[in-house]
Every structure is written in C-alpha cells, then in structure tokens.
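Coordinate-derived values only; no laboratory data. The structure presented is a predicted model; accordingly, all values stated were derived computationally and were not measured. Here the Cβ positions follow ideal geometry from the backbone for every residue, glycine too, while neighbour counts run over all protein chains shown.
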Amino acid sequence: MMRVFFSHSMAAAFVFLLAGCTYNEYLGTQATELESLQKASVEILDTRCVLCHGSGGSVQGSFGNILDVEKLKASGYVVPGSPGVSRLYTEIASGEMPPSGGLSAEERDLIYRWIVALGTSQKKIFFAEVNAQILVPHCVSCHGASGGINLETYAQVRTSLLEGDPLGSLIYDAVVQERMPKN
C-alpha cells in the first residue's frame, strides 16, 4: 500500500482552508486578514529586531533586512505556511531571539499565524479541489457514510474541525502524526 506524505504545512493548510469559509468561498486566508497579520508582525519585528537585523543597522546572524518580507521568504528565514521550520519563528519561539528579552506569547502567536497565513494565501483553493485531490482519493473510502467520521461533504468536514482552533482539531493531529491517511 502506498503511503501518502502530508507535511505539517500541508496539514495546517488543509485544516485552515477548511475551517475558514463557506462552500462557495475560496479556501484560504482572506487578503485583509493576511495584510493585518503582516502589518502587525512587521511592527513587532521593527520594534524588537531591526536594531540588529535592519537594513541601516548592523547585520547580525548573517541577516540584514528583517523588514523585507520577500527577502525573509527567499532566504528561508520564513517558510510560508510552516512556522515550525521558519528560522525566524523557531528562534523567537525558543527564546533565543531577541537577546534583549523574548517576545510575549501574544506576539509569538501573531508571528506564527502570519507565517501560516503566508502559506495559505498564495493560491485560491476551492473546496471542490480539496475534495477531489485529497479527500476522495485518501479519506472518503474509510470516512464515508459508513465510517465514524464522515468526510464526504463540506458541511460534514467542517464538523470535524474545532471552530477558532483548527490546529487543535483531531483531523490536523491525525495528519501531522501520520496516523491518517492510511492509504
């Protein structure tokens, strides 16, 4: 049996996509939400990080312009959709950065959500695509009308997600821990 590999970012994107909209909307972070998260994140970086990592200041850790989002992505410091492998986030989350004192839980959470949103906002995805490319080939054979959790329709999939906390959903946990899909 062939095992399908779902990365953490794919699992996060899958859950966030399904958690955030109605059937007819595109699945992904709304542009205004991404803009809001990015503005707030860049304000945190400007306040807490630019002294050491700004274009006009010193270049610590071999990275100079922390406010240039495109350079952050191109350098791998930010991997859209994957805070856990984004050096910017992992160093902040570990408490290594900034050395003058860690960010608050709210600031870390905001940067985490911004990096996740960067990954889900790159392409408009409709539920029909998720259904055809992920659910039908990998989930519905076990999770259809006769299976415990039914993933056949958009409404049924949404009942498997935690409203307001997609990453706390069982469906996300099962995919990340590679318990699902089994085919």
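What FRET efficiency do you get for Asp68 and Thr90 if R0 is 25 Å and r is their Cβ-Cβ distance, rounded to the nearest 0.05? The pair Asp68/Thr90 has a calculated efficiency of 0.80. Here r is the Cβ-Cβ distance between Ser146 and Asp173 and R0 is 30 Å; the resulting FRET efficiency, rounded to 0.05, is 0.85.
The stretch between Lys39 and Glu129 holds 29.4 nm of extra length on full extension. This uses 0.36 nm per residue minus the Cα-Cα distance.
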